[in-house]
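Visitor: Have a look at this one.
The values are calculated or read from the model by the stated rules, or taken from the named source; none is laboratory data. Please read these numbers as outputs of a predicted model, since none were measured by experiment. Note that each Cβ is placed from the backbone with ideal geometry, even for glycine, and that neighbours are counted across all protein chains shown. Only protein heavy atoms, including side chains, enter the accessible area calculation; ligands, DNA and RNA are left aside. Shrake-Rupley method; radii C 1.70, N 1.55, O 1.52, S 1.80 Å.
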Amino acid sequence: MILRPPNADELQSLSEMCLRSKSVWNYDDVMLDAFRSELTLTEEDLEKDAIVVAEDRRGVAGLAEISVDETGTSHLDKLFVEPTRLGEGTGKMLYVWACRFAQGLGAYELVIDADPDAAPFYIHMGAEQTGETESGSLPGRYLPRLVHRL
């Protein structure tokens, strides 16, 4: 498995992979459509954020995206694994990359606004729930806010 930056010409296919990954939590089509914008990677994301793709000889296995806000806080914006590749360790590898990358930026913590179903994975990896935050896709829906101290 290698980690590499994405190419602009694969943003659509990577965005589709994010949506397929999100669908493992059995969201209906209406919910998935609401998530589509938030899960779509753009050329602007390539310019301003750190994005890495996990790939091996079988193809793309997953991706992670980190952003840094105006206060210097690092955020895990995306961590998605191709559904057929779940259980292979790709998510753990991407999470370790995210923590190390954020630490390399000088961050003391990585903030994760997690899907409720994904929160146990992040907690298992060392994050702690610190509260809730409103979903960027669905007003009135709240997500666990997790912090991994680096």
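Visitor: Could you list, in sequence order, the residues of region 57-92 that are touching a Leu at 6+ places or on another chain (Cβ under 8 Å) and crowded, with 22+ Cβ neighbours inside 10 Å?
Guide: The answer is 62, 63, 64, 65, 66, 74, 76, 78, 79, 80, 81, 91.
Visitor: Provide a single number: the residues in region 13-35 that are in contact (Cβ under 8 Å) with a residue 24 or more places away in the chain, of a type outside the set (Phe, Trp, Tyr) and open to solvent by 90 Å² or more (accessible area, probe 1.4 Å). First the steps, then the outcome.
Guide: Step one: filter region 13-35 for residues in contact (Cβ under 8 Å) with a residue 24 or more places away in the chain, giving 13-15, 17-18, 20-25, 31, 34-35.
Restricting the remaining residues to those that are of a type outside the set (Phe, Trp, Tyr) gives 13-15, 17-18, 20-24, 31, 34.
Still in the list and also open to solvent by 90 Å² or more (accessible area, probe 1.4 Å): 20.
Of the residues in region 13-35, 1 are in contact (Cβ under 8 Å) with a residue 24 or more places away in the chain, of a type outside the set (Phe, Trp, Tyr) and open to solvent by 90 Å² or more (accessible area, probe 1.4 Å).
Visitor: If I go through region 36-56 residue by residue, how many of them are loosely packed, with under 14 Cβ neighbours inside 10 Å and free of Cβ contacts under 8 Å to residues at least 60 places away in the same chain? Walk me through it before giving the result.
Guide: So in region 36-56, the residues loosely packed, with under 14 Cβ neighbours inside 10 Å come out as 37, 42-44, 47-48, 56.
With the extra rule that they be free of Cβ contacts under 8 Å to residues at least 60 places away in the same chain, the set shrinks to 42-44, 47-48, 56.
Residues in region 36-56 being loosely packed, with under 14 Cβ neighbours inside 10 Å and free of Cβ contacts under 8 Å to residues at least 60 places away in the same chain: 6 in total.
Visitor: Could you look through region 93-122, keep only residues that are crowded, with 16+ Cβ neighbours inside 10 Å and β-branched (Val, Ile, Thr), and pick out the one that is farthest from residue 23 (Cα to Cα)?
Guide: That would be 111.
Visitor: In this structure, is residue 89 more than 17 Å from residue 6 (Cβ to Cβ) and either under 15 Å from the mean Cα position of the chain (by Cα) or at pLDDT 95 or above (or both)?
Guide: Values: more than 17 Å from residue 6 (Cβ to Cβ): yes; either under 15 Å from the mean Cα position of the chain (by Cα) or at pLDDT 95 or above (or both): yes.
Yes: the conditions hold for residue 89.
Visitor: Now for a different question. Applying the selection to region 113-127, what residues are over 19 Å from residue 24 (Cα atoms) and in contact with a strand residue (DSSP E or B) (Cβ under 6 Å, 6 or more places away or on another chain)?
Guide: Hits for region 113-127 are 126, 127.
Visitor: Would you check which residues across region 128-150 are farther than 16 Å from residue 65 by Cβ, in contact (Cβ under 8 Å) with a residue 12 or more places away in the chain and out of contact with any strand residue (DSSP E or B) (no Cβ under 7 Å at 6 or more places or on another chain) and list them?
Guide: 138
Visitor: Let me ask something else. Which of the residues belonging to region 118-137 are at pLDDT below 95 and under 26 Å from residue 86 (Cα atoms)?
Guide: We begin by selecting, within region 118-137, every residue at pLDDT below 95; these are 133-137.
Selection gives 135, 136, 137.
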